[in-house]
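Have a look at the structure below, then the notes.
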Amino acid sequence: MSPTPADRLAPLERAIVDHLFVYRPTLAAGLGLHEYDGRLPDLSLDATSRWAIEARRLLRELGSIGESGLSAPRRLDRSLLELLLTGTLFDLEETREHDRNPMTYLFQPDLTGYISRDYAPVADRATSIARVLRGVPPLLESAKRRLEKILPKPFVTLAIQIATGLPSHFAEGETFAAAAPPKVRDEVHAARVAADAATLDFAEWLRKERLPFADDRFRLGAEKFQRLLWVREGLRTPVEEVLRQGRADLAHNQERLAAIARRAGVPVAELISRLHVKHPGTEELLPYVRRLTDDAREFVRAKELATIPEPELCHVRETPPWARDLWTAALSPPGPFEKPVDGIYWVTSVDPAWSPEQKEGWLRTLNYSMLKNTTVHEVWPGHYLQSLHFRRTEQSLARKVWFSYSFVEGWAHYCEQVALEVGFDEGSTEAEVTQIIDALTRDCRLVASIGLHTQGMTVAEATRLFEAEAHLETIHAEREAIRGTYNPEYFCYTLGKLAILDVRSKYLGPKFGSSLKGFHDTLLAFGNPPIGFLDPLLAGP
């Protein structure tokens with residue numbers, strides 16, 4: 001008897017995921033598949049060309065399996081497997097990230113998971129760190145051979161900054177390895193010295209050999225941007241319509257803010273400045289965030305926003321020195337294959353070397369209202385709760401590997417809004433203003449992303465957009481604008497939030513009654529699906 005489509009899909013699913021991990025071993029390790037620990041990818045042109053040939057062969061085989069003989073969940077899996085391969089080929093052959101963006105090489109040697117997650121003995125994790133560091137010199141040599149002579153200037157400038165700062169990250173790895181046996185410590189030290197030299201040499205090479213020729217040609221163009229929406233999010237919605245939705249949300253949030261200012265009888269600028277006055281002190285910061293995290297969890301329970309799977313454990317820790325410039329606060333969730341459920345909520349405190357004025361300025365940014373909204377986004381009911389549901393739900397291999405940036409960040413951004421709707425922080429004006437300010441920044445990211453890549457918007461124009469519409473200071477507005485040149489997918493926050501609000505408006509009443517918990521649990525049980533698939537998933541077979 002001939003094998004059924006379902007019989008044929010199972011081994012092909014395994015083969016496609018294994019092939020993906022050849023190109024992205026660091027992704028596999030981050031998901032909790034520690035047999036991939038210590039591996040860096042071979043990003044030479046020969047290696048990625050061979051990978052692409054095999055990927056196209058796998059796509060042809062996948063295409064020969066008809067959907068008609070598959071169950072609804074396996075039809076979803078088949079679509080995800082197709083997007084896994086086509087999305088990676090898009091990066092390799094259409095956006096050509098390894099030919100045009102030196103940062104793609106520098107993001108590979110990330111030691112965070114080995115240092116922060118207690119999933120194995122220190123000696124084993126330190127051995128993996130040594131292996132990563134040994135892979136840095138050949139990785140960067142392949143970058144020199146492959147990167148084109150004329151590169152986008154923002155890519156080169158940021159890559160120089162990252163390469164210059166990477167040795168401090170590698171030093172964190174050596175500090176961690178101090179608790180390992182002497183032989184392993186020596187291996188890490190020797191590998192770190194070579195990795196330091198390679199990254200600093202790469203920074204100098206970029207400065208001398210690429211920066212003088214760099215230009216502003218970073219744009220994807222309308223056709224590739226439309227393609228990006230499909231391969232990442234399963235969306236056929238025209239780019240122009242996505243932009244219209246983003247601008248409408250921007251106008252809606254601006255009107256919300258203006259209405260609060262009118263009621264308070266003060267300018268919008270004063271509303272915002274009032275937030276900065278109340279903030280924790282340096283010694284109080286982390287203990288306050290720990291209490292806040294516990295309070296947010298109990299808020300989710302009390303308001304029945306979603307089920308909280310057990311066990312759960314989220315640590316609040318100070319951001320390590322090497323990552324201080326990367327985030328103010330961030331969550332490191334447990335991967336779907338990881339055994340410990342621990343999440344790590346990083347919060348960046350003041351630098352002891354700062355002046356009193358700098359410390360006060362930073363703490364004003366980390367004001368009470370901002371920390372509350374951020375904790376909702378990062379932990380409860382945002383990213384950490386989402387990761388617990390993802391681990392709890394029985395998922396296929398394809399769904400465990402698939403990651404939708406817009407669903408993940410859209411969920412967390414949506415959580416900020418839904419928490420306000422059910423009375424978070426007792427419905428305070430400060431809570432609403434903070435949520436709106438964050439929403440305006442995310443709205444501007446969507447508008448800037450499409451503007452920069454499809455409409456000829458300049459970085460200076462994008463900077464003015466963030467200043468005028470999101471009320472950001474120039475230094476922060478410029479940083480946001482530059483981010484849009486190399487990370488067009490930062491449209492994900494607003495795009496994902498709007499997609500979730502759209503399906504909520506369709507299904508909350510007819511399918512779930514008034515139960516937000518039922519709707520949220522069902523949504524989170526899907527894993528991290530492309531947002532273009534949300535409507536059919538909720539509609540059912």
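The values are calculated or read from the model by the stated rules, or taken from the named source; none is laboratory data. The structure displayed is predicted, hence computed values, not measured ones. As a convention, Cβ positions derive from the backbone with ideal geometry for all residues, glycine included, and neighbour counts pool all protein chains shown.
Of all residues in the stretch 457-481, those satisfying the criterion of being part of a helix (DSSP H, G or I) and of a type in the set (S, T, N, Q) are T463, T474.
Select from the stretch 372-407 the residues that are hydrophobic (A, V, I, L, M, F, W, C) and crowded, with 21+ Cβ neighbours inside 10 Å and list them in ascending order. Selection gives V376, V379, W380, L385, L388, F390, A398, V401, W402, F407.
Exactly one residue among R117, R146, R96, R78 is basic (K, R) and modelled with pLDDT under 95, and that residue is R117. If you go through the stretch 180-193 and keep only what is assigned to a helix (DSSP H, G or I) and surrounded by 13 or more Cβ atoms within 10 Å (Cβ to Cβ), you end up with V184, R185, D186, E187, V188, H189, A190, A191, R192, V193. Just wondering, is there one or more residues in the stretch 104-111 that are touching a Ser or Thr at 6+ places or on another chain (Cβ under 8 Å), of a type outside the set (D, E) and modelled with pLDDT under 95? No - not one qualifying residue is present in the stretch 104-111.
On the given criteria, is V408 of a type in the set (A, V, I, L, M, F, W, C), in a helix (DSSP H, G or I), out of contact with any Asp or Glu (no Cβ under 7 Å at 6 or more places or on another chain) and modelled with pLDDT of 95 or more? Judged against the criteria, V408 is a match.
Is it the case that R399 is assigned to a helix (DSSP H, G or I), free of Cβ contacts under 8 Å to residues at least 60 places away in the same chain and either basic (K, R) or closer than 20 Å to L76 by Cα (or both)?
So R399 fails the test.
Under the condition of being at pLDDT 90 or above and over 21 Å from the mean Cα position of the chain (by Cα), the residues counted in the stretch 337-356 number 4. Could you tell me whether any residue of the stretch 524-534 is among the small types (G, A, S), within 25 Å of H383 (Cβ to Cβ), in the same structural domain as V422 (by TED's automatic domain parsing) and not in a helix (DSSP H, G or I)? The answer is yes, given that some residue of the stretch 524-534 is among the small types (G, A, S), within 25 Å of H383 (Cβ to Cβ), in the same structural domain as V422 (by TED's automatic domain parsing) and not in a helix (DSSP H, G or I). Of all residues in the stretch 219-258, exactly one satisfies the criterion of being touching a residue at least 24 places away in the same chain (Cβ under 8 Å), out of contact with any Ser or Thr (no Cβ under 9 Å at 6 or more places or on another chain) and exposed (fewer than 13 other Cβ atoms within 10 Å of the Cβ), namely R236. Among the candidates G484, G496, G518, which residue alone is over 30 Å from T95 (Cα atoms), touching a helix residue (DSSP H, G or I) at 6+ places or on another chain (Cβ under 7 Å), assigned to a helix (DSSP H, G or I) and modelled with pLDDT of 95 or more? None of the other options fit; the residue is G518.
Matching residues to (1) crowded, with 22+ Cβ neighbours inside 10 Å; (2) of a type outside the set (S, T, N, Q):
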position: L92; (1), (2): no, yes
position: F107; (1), (2): no, yes
position: D110; (1), (2): no, yes
position: G135; (1), (2): no, yes
position: S142; (1), (2): no, no
position: R146; (1), (2): no, yes
position: I150; (1), (2): no, yes
position: A159; (1), (2): yes, yes
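So is L385 in contact with a Leu (Cβ under 8 Å, 6 or more places away or on another chain), more than 25 Å from G113 (Cβ to Cβ) and modelled with pLDDT of 90 or more or not? It is false that L385 is in contact with a Leu (Cβ under 8 Å, 6 or more places away or on another chain), more than 25 Å from G113 (Cβ to Cβ) and modelled with pLDDT of 90 or more. For the stretch 325-336, the count of residues that are within 30 Å of H169 (Cα to Cα) and more than 23 Å from the chain's Cα centre (by Cα) is zero. Out of Y119, Y105, Y114, one residue alone is assigned to a helix (DSSP H, G or I), in the same structural domain as D42 (by TED's automatic domain parsing) and more than 21 Å from H189 (Cβ to Cβ). It is Y105. The set of residues from the stretch 1-38 being not in a helix (DSSP H, G or I) and not β-branched (V, I, T) comprises M1, S2, P3, R24, L31, G32, L33, D37, G38. Beta carbons closer than 9 Å, at least 6 apart along the sequence or on distinct chains, pair a first residue in the stretch 408-436 that is in contact (Cβ under 8 Å) with a residue 24 or more places away in the chain and closer than 17 Å to A330 by Cβ with a second that is among the hydroxyl-bearing types (S, T, Y) and surrounded by fewer than 24 Cβ atoms within 10 Å (Cβ to Cβ) for E409/Y490.
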